[in-house]
Amino acid sequence: MEPMTWSVVDTNAMTDWVTVYGLAPRGAAGVRVAWDGGRVLDHIDVGRDRYFLAFLPYDSRSNEEWVEQYRTEFLDADGRVVAVEQSRRVSVGHRI
């Protein structure tokens, strides 16, 4: 049975950085994270162990807004979405 797919956005206003990390499904080559309001963190590579990690500068929004209002799209090598994980869900990603 395939392990869970998950994605977490963690913020720390003290360091002025936002961390995005998680586990991609098999076959995913990249990750794109989109927040409500239009900001997108694109071109996150997936490691051979299927984990990913990225950082971006902190936004003026509160920590809670960053954590609650995003979705993670897992992409294959051709850039097609193969799974989507909604914020605050740490269960198996939704297959398309």
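Just so you know, all these numbers are worked out from the coordinates, no wet-lab data involved. Keep in mind that what you see is a predicted model, and the values were worked out from it rather than measured. Ideal geometry is used to build each Cβ from the backbone, glycine not excepted, and the neighbour counts take in all protein chains shown.
Computed values, structure above
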{"item": "Length added when fully stretched, Gln69-Phe55, from 0.36 nm per residue minus Cα-Cα", "result": "3.4 nm"}
{"item": "Highest-first arrangement of 74-86, 17-29, 41-53, where packing means the average Cβ count within 10 Å", "result": "17-29, 74-86, 41-53"}
{"item": "Residues with amide H under 5 Å from that of Val82, placed H, sequence gap 5 or more", "result": "Phe74, Leu75, Asp76"}
